[in-house]
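The values are calculated or read from the model by the stated rules, or taken from the named source; none is laboratory data. Values in this document were obtained by computation on a predicted structure and should not be read as measured data. Don't worry about glycine lacking a Cβ; one is built from the backbone with ideal geometry, like all the others, and counts go over all protein chains shown. Just so you know, the surface numbers come from the protein's heavy atoms only, side chains and all, with ligands and any DNA or RNA stripped out. Shrake-Rupley method; radii C 1.70, N 1.55, O 1.52, S 1.80 Å.
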Amino acid sequence: MQQNPYIVPRAGLAEDSGSDTPALRQPYLLALALFVAGISALLASSLLQGFAGVPVGQVLRAVPGLLGPWLTSLLISSAVAVLFMQAQRERHAIREFRPFALIVVVFLLLSGAAVEWLAGLLRDSGREFALWLADVANLMGLVSPLAFLTSAAVQAGICLLPLWLVLLLTRSRCVRQPSKALLPIARLHVAFGVALGFAAITGKLLSGLARLFLASKVGAWGLALEIAAWAVPFALVLVGVLRQLPPQVPRYAAGRVVLAALTISLGWSFSVVLVELVGYVLLQEPLGRLQAASGLPVLPLLAILVALLLLASWTFTGARWLPGRKRRAQSSPR
């Protein structure tokens, strides 16, 4: 029976888009498994302390203080996993990572072992370094940000090495694309990658600064404040990048995604420090009088508003690195 020439075959539609590629979604499943395993490990550790004789009330009070830094560590590991797996997917034309369940289990075991090894190393040899940091903690306010950024870099390395090893050993069993030509994908994948990379770079710093300077003033809302410190900028970057991309982008380009995240993170951080410092010097007295007269936290609210506006601007700048970014239509000459 002759087919209708006006009906487009479904197989042809599937080949024109990479959205149905399982390997495009599998990195998010690995990140989800990482979050579930990480939070479960933290809760199990707290329960073991309770069984060991530590008062239950003390254990419950300690969990929120541990959960904030733990979530940012999981955020960094998830960003590394998603970006590296997307890069491997495009580089080796992988349609589906197999055996995926084995990849997830082995990666979680190896990364957990690496975390335990690092924790033991810090307990044995990091005590003197920690005492030195405590002695110079007030040195121009630089030690805390550097400590948070160093911790983020170490966490990224702990995640990257086991994942690289697991994917290398299982690459021969992965399903490959029939053609090595890159297929277009939905813009949400690229925007989410940029926002995730940005949150991984700045999350520990923002959450740590919120914990150091603000968490003690809000009491039970300290954990929510730590999460909001990186979740709100993450959402702003995600929406901003989405608005700069067409519905379909030609490829993921993990290197450009990382470059965009670095541009946004570094540019935003330096501009916030510079603008806030100049504003504090020039406007401290009038804004202080306004705050005293109104009874409202004018200075913190204005600082947050300026930081968010600068982030929106740097998101537009960082999105210039991404493939398929929208170009502003030039006005026709009269």
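Brief remarks on what is shown
- Of the residues making up segment 235-267, those that are of a type outside the set (A, V, I, L, M), surrounded by fewer than 22 Cβ atoms within 10 Å (Cβ to Cβ) and closer than 30 Å to residue 146 by Cβ are 240, 255, 256, 263, 267.
- Residues of segment 219-227 include none that is within 15 Å of residue 201 (Cβ to Cβ) and open to solvent by 60 Å² or more (accessible area, probe 1.4 Å).
- The residues listed here are 316, 270; of these, the one that is open to solvent by 90 Å² or more (accessible area, probe 1.4 Å), within 30 Å of residue 86 (Cβ to Cβ) and either part of a helix (DSSP H, G or I) or without any contact (Cβ under 8 Å) to a residue 12 or more places away in the chain (or both) is 270.
- Among all positions in segment 146-165, there is no residue which is out of contact with any Leu (no Cβ under 7 Å at 6 or more places or on another chain) and in a strand (DSSP E or B).
Results for (1) part of a helix (DSSP H, G or I); (2) under 14 Å from the mean Cα position of the chain (by Cα); (3) polar (S, T, N, Q); (4) modelled with pLDDT of 80 or more, shown as yes or no for each residue.
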| position | (1), (2), (3), (4) |
| --- | --- |
| 40 | yes, no, yes, yes |
| 50 | yes, no, no, no |
| 54 | no, no, no, no |
| 60 | yes, no, no, no |
| 77 | yes, yes, yes, yes |
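- Residue among 255, 288 that is touching a residue at least 24 places away in the same chain (Cβ under 8 Å), in a helix (DSSP H, G or I) and closer than 25 Å to residue 206 by Cα: 255
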